[in-house]
Amino acid sequence: MRKRLVGLVLVIALAAPFAAVAKETYYQPGNVVPSIGVGAGFGWGLTLSAYPGVEVMLLKFKIANTVPIDIGVAAKGLFGFSTYFGYSFVHLGVGGFGVIHWGPRGMDWDVKWLDNFDFWWGIGIAVTGHIPAAYWTYGLVNFATTAGVNYFLNDRFALTFAGSYWGYGGGYVGILYKLGKGEALVK
């Protein structure tokens with residue numbers, strides 16, 4: 001018990017300089033965030049893919065009134081082309097994801113260069129298939145994940161760097177454009 005208490009005190013002491021009161025984030029419930037990404041993947045040979053999507057922000061809260069968390073749901077698409085040992089495939093898919101965002105914007109700390117970043121992770125279910133279907137070896141309904149970082153150039157427009165798994169893994173770069181207001185910037 002004593003070791004746990006000492007460990008907890010050390011964690012709090014080390015985290016205290018980084019704890020801050022969140023004043024604003026890029027999102028508000030009701031925001032609609034369309035996006036598009038393009039990238040490469042591996043698993044079925046070399047894969048080139050496009051990932052269109054749209055996210056709707058549902059909820060926001062602050063952990064211990066300091067760490068801002070934004071939660072949304074997203075629908076994403078997948079269109080890809082693979083080549084593998086002389087065979088070619090077209091991948092198609094659609095998925096639904098629950099997405100959680102954390103961004104340091106508005107936290108009362110002196111690391112302002114992090115304010116433009118938004119770190120996110122999504123988990124969901126995707127229906128995927130490919131043409132020709134005769135060479136299909138993984139299921140039609142797949143567990144799917146996507147995660148990455150958005151770098152906001154202004155309050156609405158961001159560059160996206162992400163990884164994903166839809167029955168095969170890959171990464172992509174893209175853009176997003178947020179519709180709707182964020183919280184008011186507190187000076």
PHE97 versus (1) outside any strand (DSSP E or B); (2) hydrophobic (A, V, I, L, M, F, W, C); (3) surrounded by 18 or more Cβ atoms within 10 Å (Cβ to Cβ): which is the lone unmet condition?
(1)
Here the residues within the range 96-109 that are modelled with pLDDT of 90 or more and either in contact with a Ser or Thr (Cβ under 8 Å, 6 or more places away or on another chain) or hydrophobic (A, V, I, L, M, F, W, C) (or both) are PHE97, VAL99, ILE100, HIS101, TRP102
Of (1) over 22 Å from LYS60 (Cβ atoms); (2) without any contact (Cβ under 8 Å) to a residue 60 or more places away in the chain; (3) of a type in the set (A, V, I, L, M), VAL173 fails just (2)
Options GLY86, GLY129: the member that is more than 30 Å from ARG156 (Cβ to Cβ) and free of Cβ contacts under 8 Å to residues at least 24 places away in the same chain:
GLY86
Name the residues in the range 43-68 that are touching a Ser or Thr at 6+ places or on another chain (Cβ under 9 Å) and in a strand (DSSP E or B), would you?
LEU46, THR47, LEU48, SER49, TYR51, PRO52, GLY53, VAL54, GLU55, LYS60, PRO68
PRO34 fails exactly one of (1) surrounded by fewer than 14 Cβ atoms within 10 Å (Cβ to Cβ); (2) modelled with pLDDT under 90, namely (2)
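Residues are listed down the side, and each one gets a yes or a no for (1) at pLDDT 95 or above; (2) out of contact with any His (no Cβ under 8 Å at 6 or more places or on another chain); (3) exposed (fewer than 14 other Cβ atoms within 10 Å of the Cβ):
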site	(1), (2), (3)
VAL56	yes, yes, no
LEU59	no, yes, yes
LYS62	no, yes, yes
PHE89	no, no, no
VAL111	no, yes, yes
TRP120	yes, no, no
THR128	no, no, no
Are any residues in the range 130-150 out of contact with any His (no Cβ under 8 Å at 6 or more places or on another chain) and at pLDDT below 75, and if so, which ones?
PRO132, ALA133, ALA134, TYR135, THR137, TYR138, GLY139
Qualifying residue in the range 130-146 (condition: surrounded by fewer than 15 Cβ atoms within 10 Å (Cβ to Cβ), in a strand (DSSP E or B) and within 19 Å of the chain's Cα centre (by Cα)):
yes
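The values are calculated or read from the model by the stated rules, or taken from the named source; none is laboratory data. Just so we're clear, the structure is a prediction, and the values are computed from it rather than from any experiment. Please note: Cβ atoms are built from the backbone with ideal geometry, for glycine as well, and neighbour counts cover all protein chains shown.
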